[in-house]
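The values are calculated or read from the model by the stated rules, or taken from the named source; none is laboratory data. These figures come from a predicted structure and were not determined experimentally. Here the Cβ positions follow ideal geometry from the backbone for every residue, glycine too, while neighbour counts run over all protein chains shown. Note: areas computed on protein heavy atoms with side chains; ligands, DNA, RNA excluded. Shrake-Rupley method; radii C 1.70, N 1.55, O 1.52, S 1.80 Å.
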Amino acid sequence: MNPKSFNLASSFCRCCLTLYIREEAIARSTSHVSPAHYVVKIKSFSLLAEKAVEVKYESAAFEAGGYKWKLVLYPNGNESKNVKDHISLYLAMADTNSLNFGWEVYAVFRLFLLDQNQDNYLVVQDAKERRFNGLKLEWGFDQFISHKAFNEASNGYLVEDTCVFGAEVFVKERNIGKGECLSMEKFTYSSKYVWKVENFSKLDTRYEESQVFGAGNHKWKIVLYPRGNGCGDGDHLSLYLALGDSTVDGIKVYAEYTLRILDQLGAKHKSLQDWFQSPNLTWGWTRFISFSELNKPGTGFLVNDVCVVEAEVTVLGTSEPL
């Protein structure tokens, strides 16, 4: 390495001698302090370099800052970056499948190489904080160290064909993004449920709920206000379709539905159709049918004080958080 190519500055402390060499925002130093998070010892390095001419070596995963990492080593340089006569060394995130959609991790890291003669470490650090995400899992140094410097016996990096690399990672900031995945149903089918409401005129509760029924892998129920609700209070029957599954937090359901009060004497049912789009858990009509129409003789909506309500539901798609 030609010292004329760099700006040099040195500083001393009781525990280590530090020599900073800056080239394109990369800091190189020496330290007696061992890597805080992980060490990789390689025996018979020359055999690895011989066998891995175009191959990289990846370490096992290790934890730092609440995340999993690994070291990625190219003994003969990263060919995809056209690196020659150097060792390439990178820090990469591992086991990211469990992270939420849109995740980002900002980290400062240092990579190490042991000088076995002096019992201290060459430390290479990017002066910038780096952002790791799903599109950029790896940061590091294409030219971590030249083969000439690495193989120079007086440097102590390769002794008896053995070397030691290491890493420290300090997570500065994390951003766990949010997202959702909408799955539309390729094949849809309608599910019907009929609810027979007896003793209709004697209902004394604010509202009545049907039993839970299934449609499109979801649970549903009909909610009926016999005396009306909202703007229909006092003069209309109010009728709604509701998700009946208490575990639907974060799930959005898109469905086509029809609610009917059946004409028990003929076929002139009272039907209204709409789209169901959660996260609102209840959809329907506050003014589904007026009391005058409901009780009108001959309509068949109330027979022997029985009202028959039908729901027809077709689930078109479901959106779940990532």
Candidate set: the range 27-47, residues that are of a type in the set (A, V, I, L, M) and open to solvent by less than 50 Å² (accessible area, probe 1.4 Å); chosen: the one farthest from V171 (Cα to Cα): I42
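If you scan the range 116-152, which residues turn out to be hydrophobic (A, V, I, L, M, F, W, C) and open to solvent by less than 50 Å² (accessible area, probe 1.4 Å)?
Result: L122, V123, V124, F132, F141, F144, I145, A149, F150.
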Pairs with Cβ under 8 Å, 6+ apart, first in the range 184-211 and over 15 Å from T258 (Cα atoms), second of a type in the set (K, R): R206/R227; E209/K221; S210/K221; Q211/K221
Boolean, S292 is farther than 17 Å from L262 by Cβ and open to solvent by less than 40 Å² (accessible area, probe 1.4 Å): no
Subset tally (residues that are among the charged types (D, E, K, R), assigned to a strand (DSSP E or B) and under 29 Å from the mean Cα position of the chain (by Cα)) for the range 106-128: 2
Scope the range 222-242; condition more than 12 Å from V309 (Cβ to Cβ) and among the aliphatic types (A, V, I, L, M); matching residues: A242
Residue list for the range 98-115, restricted to those being aliphatic (A, V, I, L, M), open to solvent by less than 20 Å² (accessible area, probe 1.4 Å) and touching a Ser or Thr at 6+ places or on another chain (Cβ under 9 Å): none
Strands (runs of 3 or more DSSP E) lying entirely in the range 1-68 (those with 2 or more residues that are modelled with pLDDT of 90 or more and more than 23 Å from A94 (Cβ to Cβ)): 26-31
When residues of the range 266-289 are limited to those that are aliphatic (A, V, I, L, M) and either closer than 19 Å to G228 by Cβ or modelled with pLDDT of 95 or more (or both), the one surrounded by the fewest Cβ atoms within 10 Å (Cβ to Cβ): L272
Verdict on S59 being open to solvent by less than 80 Å² (accessible area, probe 1.4 Å), in contact with an Asp or Glu (Cβ under 7 Å, 6 or more places away or on another chain) and under 26 Å from N133 (Cα atoms): no
Residues within the range 48-75 that are among the aliphatic types (A, V, I, L, M) and without any contact (Cβ under 8 Å) to a residue 40 or more places away in the chain, tallied: 7
Which numbered condition D161 misses (of (1) touching a helix residue (DSSP H, G or I) at 6+ places or on another chain (Cβ under 7 Å); (2) open to solvent by 50 Å² or more (accessible area, probe 1.4 Å); (3) not hydrophobic (A, V, I, L, M, F, W, C)): (2)
Every residue from the range 80-97 that is among the charged types (D, E, K, R) and either open to solvent by less than 10 Å² (accessible area, probe 1.4 Å) or in contact with a strand residue (DSSP E or B) (Cβ under 9 Å, 6 or more places away or on another chain) (or both): K81, D85, D95
Tally of residues being touching a Ser or Thr at 6+ places or on another chain (Cβ under 8 Å) and at pLDDT 95 or above across the range 163-190: 1
Residues located in the range 213-228, provided they are more than 21 Å from K296 (Cα to Cα) and surrounded by 15 or more Cβ atoms within 10 Å (Cβ to Cβ): F213, A215, G216, H218, K219, W220, K221, I222, V223
Output for the range 253-282, where each listed residue is within 18 Å of S183 (Cα to Cα) and among the aromatic types (F, W, Y): Y254, W275, F276
